[in-house]
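Right, one structure below, let's go through it.
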Amino acid sequence: MRDFHRSLRRGLGLALAAICIATVLPAQTADQAPETPLTPSQLRAQLMPEYQKLMNDPQFHALRAQAEAEPTNRAMVDAWLRYLPMSPKELLELDMMARRYEHMVPKTIMDLHYRWMQLRPALATAHYGDEDVNQIPELLPEVKPADNATEGGPGPIVGPNKNVAFDFAPPPEDYQGEVQLAVNPLNPDQIVIGANSFDTLGGQCGDLGTQSIFYSSDGGATWGHTCSPDEAGFPALGACAESVFGSDPAVIWNDQNQVFINHMMLCGGFFTTEFSIVTSRSDDGGATWTPVGIVANSWGGTDVEDKNFYEIDLTPSSPFYGRHYVCWDRSNDQKTAYSTDGGATYVEVDLPANPGTLDLGCELEVEDDGTVHVIFNTLTCPGATCNNEQMFYTSSTDGGVSWAPLQELVDFSLVGFSNLNCPPAQDNRCINPQGTIAVDNTGGACDGNLYVTFTDFTAGNDAATTDVFVIRSTDGGTTWGAPVRVNDDAAGDAGQFHPFMVVDPANGYPVVGWQDTRNNASGEELDVYVSRSEDCGLSFVSNIQATAPSAEFNNPGISATNLNTTTNANANPNQTGEYLGVDAFNNKVYLAWTDSRHYFPASTTESQAENVGFTVIDFFSAEVFDDGFESADTSSWSATTGGGI
């Protein structure tokens, strides 16, 4: 196996290229595995119908192309192998049979054959028998079932919890919160996290810090830390006589390996704050940043430019391909803007209004036909507190120039700014029911589905016992179904809030991550949970706890963050902020959150206060793995293959 890397690109390219064209043969029905192992010819006859299906399967060809493009990327190649209903050896031999050619099965294909057998041992046993499977060359430790394996498929594997500032010198200090995360769809090893920050990174991030940015080029194993450009990069803002700081990061990649961060840039004194929203870009995976454009500028004025989110149309067939979109509210009036020059300049558009209310908390998504979907909340605030919070939906089919009339989606029990929205875990910052929206652009069975997630409590409960819900539309937003509860603890038992949702572009599964108090009777401690739907949003699978004890924190034996202001007297008043970071790609879910474990409950003098925690969950598909595949620890594969893939 030592020459694995050396031969893989040539061999994999040769084999995969050969498996692109098929001659359609008569269909056959695959039988159950006999007690006696099949002969090679019997196995090929049984597998020929599966081969024919693969040749007409777009997902097979997409995964094959990704693996061929990055043959040394273990995740990419494994994703392809896990999708295969047969070994690459059988696939190549069937292709030779179907297309009437013949050559030696190369060593690279045999290496992939053994790897496939390890990834799919139940199916390998059905094809080759126990004896062959037990004699697989030792690429990996013994394959063991996951502790949380579910019927019909493997259990998700939760990766190690990372303190993304663990090995920095010097480390970022003070508060890091209100986290957003984005994975490069062209290279999932590249990840960027944006966070509100009290840290100045040694004075390099402006007066009080703009936005902390953490970046990884190895799938989250190691991280760098920098900051978004300060006000000097945006001279059109004008002068700030006080201090400049950032808030509310929104992070997104385009399809040219560039990543954008959009956030509020504020000029703050002792009694007043002046608002703007700016956009910057990185061409090197997040290490360095270039100022790009100003969305809104109220420096020198009194308007509040607040709660922004950002999207880019990434579908080449869309009539608005490459257009950038942003939504936010100006003094509680919901706005959008679009840019046709990569975020340098913006055309502002006012969204339809719900008369007599205040707007707050938008989120947006772009469908592959160019339709832009937006949700936002409204409140009625007759005095110091608010009531009657509702969520509305609208859409644009002309690139953000005009918008459809508002459609009410949710009438909440939970209301922001009500003094009744402060659970113990967020007793200072409090919570609100603002949601996120996601769309399926995969072309699969759920293509075009819209999903909206939000927090609310049911009758008889309160802000300490909120749940996470998802509603969906299967007709482009015309009608919406009933809410589906995502968290699977007992109803009204604990608090679940700050959900964020994406759709995995590889399979169309909507994925939701949220903060959860179910493990703590006082409701003060937060863990992070995740779930996804494998039936187009009709139901969600068993919840998976993402937070776990980790040696990268000074309190290595606990999983939870505690920012309650009574229990943790040193907690930052911002607590976790209003959201956490969630992204998904090829059955992996990437999560980032505000984490207090480095200094609380012990080590309260630690200069790293609220850190960013991070993990990856390998969340396999029951549909793909209906053979009962059992998860394995792949940590030592690289040691036995000269680096692994």
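The values are calculated or read from the model by the stated rules, or taken from the named source; none is laboratory data. The shown structure was predicted, so the numbers you read here are calculated from the model rather than taken from an experiment. In this analysis, Cβ positions are derived from the backbone assuming ideal geometry, glycine residues included, and neighbour counts consider all displayed protein chains. Surface accessibility is based on the protein's heavy atoms, side chains included, excluding ligands, DNA and RNA. Shrake-Rupley method; radii C 1.70, N 1.55, O 1.52, S 1.80 Å.
A few points about this structure:
- Here the label points at Ala287 and Ala404, each 7 Å from Cα along the C-beta direction, are separated by 4.5 nm in the simple model.
- Of the peptides 350-359, 526-535, the order by per-residue mean of other Cβ atoms within 10 Å, starting with the highest, comes out as 526-535, 350-359.
- Computed log₁₀ I(q)/I(0) - Debye formula, equal Cα scatterers, no solvent, the chain, q 0.06, 0.08, 0.10 Å⁻¹: -0.34, -0.60, -0.92
- Between Asp493 and Val105, the C-beta separation translates, for a Förster distance of 45 Å, into a calculated FRET efficiency of about 0.20.
- Under-22-angstrom lysine pairs by C-alpha in the chain, whenever the two are 8 or more apart or on separate chains: 5
- Length added when fully stretched, Gln545-Arg485, from 0.36 nm per residue minus Cα-Cα: 19.9 nm
- Packing rank of 275-283, 40-48, where each peptide gets the mean count of other beta carbons within 10 Å, highest leading: 275-283, 40-48
- Our coupling estimate for the stretch 216-230, obtained by passing each phi through the Karplus curve with A = 6.51, B = -1.76, C = 1.60 and θ = phi - 60°, is 9, 10, 10, x, x, 5, 9, 9, x, 9, 8, 8, 6, x, 8 Hz, Gly and Pro reported as x.
- Simple point charges give the picture: +1 on the Cβ of Lys and Arg, -1 on the Cβ of Asp and Glu, and for the stretch 57-108 a dipole about the Cα centre of about 60 debye.
- Built amide H within the under 5 Å cut-off of Gln211, gap 5+: Ser228
- Chain lengthening between Tyr321 and Asn519 when straightened (0.36 nm per residue, less Cα-Cα): 66.8 nm
- The mean accessible area for residues of the chain, using a 1.4 Å probe and ignoring ligands and nucleic acids, is 38 Å² per residue.
- Rounded to the nearest Hz, the phi-derived 3J(HN,Hα) couplings of the stretch 104-120 under the Karplus curve 6.51 cos²θ - 1.76 cosθ + 1.60 (θ = phi - 60°) are 4, 6, x, 4, 4, 5, 5, 4, 5, 4, 5, 5, 4, 4, 6, 6, 10, where x marks glycine and proline.
- Rough spin-label spacing in nm, given labels placed 7 Å along Cα→Cβ, for Thr272 and Leu538: 5.9
- Estimated dipole of the stretch 287-353 in Debye, rounded to 20 [Cβ of Lys and Arg +1, of Asp and Glu -1, Cα centre]: 140
- The phi torsions of the stretch 361-378, fed into the Karplus equation with coefficients 6.51, -1.76 and 1.60 and a -60° offset, translate into couplings of x, 8, 8, 9, 8, 10, 7, 6, 8, x, 5, 9, 10, 10, 10, 7, 9, 10 Hz, rounded to whole numbers, with Gly and Pro shown as x.
- Residue (of Pro40, Asn555, Ala250) at the positive-pole extreme of the chain, dipole from beta-carbon charges: Pro40
- Summed over qualifying helices (DSSP H, 4 residues or more, each -39500 (n - 2.57)) and divided by its residue number, the chain shows a 222 nm mean residue ellipticity of -4500 deg cm²/dmol.
- A simple spin-label model places pseudo-atoms 7 Å from Cα toward Cβ; at Thr222 and Cys422 they are separated by 4.5 nm.
- Volume of the Cα convex hull of the stretch 237-320, divided per residue and given in Å³: 106
- In the calculated pair-distance distribution of the stretch 222-377, the portion above 18 angstrom amounts to 58 percent of the Cα-Cα pairs.
- Highest mean packing comes first when the peptides 382-391, 118-127, 260-269 are listed by Cβ atoms within 10 Å, giving 260-269, 118-127, 382-391.
- Of the solvent-accessible surface of the stretch 165-312, computed with a 1.4 Å probe and all protein chains present, 50% belongs to carbon and sulfur.
- Difference of contour (0.36 nm per residue) and Cα-Cα distance, Asp411 to Ser331: 26.6 nm
- 14 Å beta-carbon shell around Gly219, net charge (K/R +1, D/E -1): -3
- Put simply, the amide H of Ala165, placed in the peptide plane, has neighbours under 5 Å in Val612, leaving out anything fewer than 5 places away on its chain.
- Coordinate range along principal axes, alpha carbons of the stretch 505-630, Å, largest first: 50, 27, 25
- For the stretch 283-306, the residues whose amide N sits under 20 Å from a probe point set 7 Å from the Cα of Ala232 along the beta carbon direction are 283, 287-294.
- Principal-axis tilt of helix 74-83 within the chain, Cα atoms, nearest 10 degrees: 60
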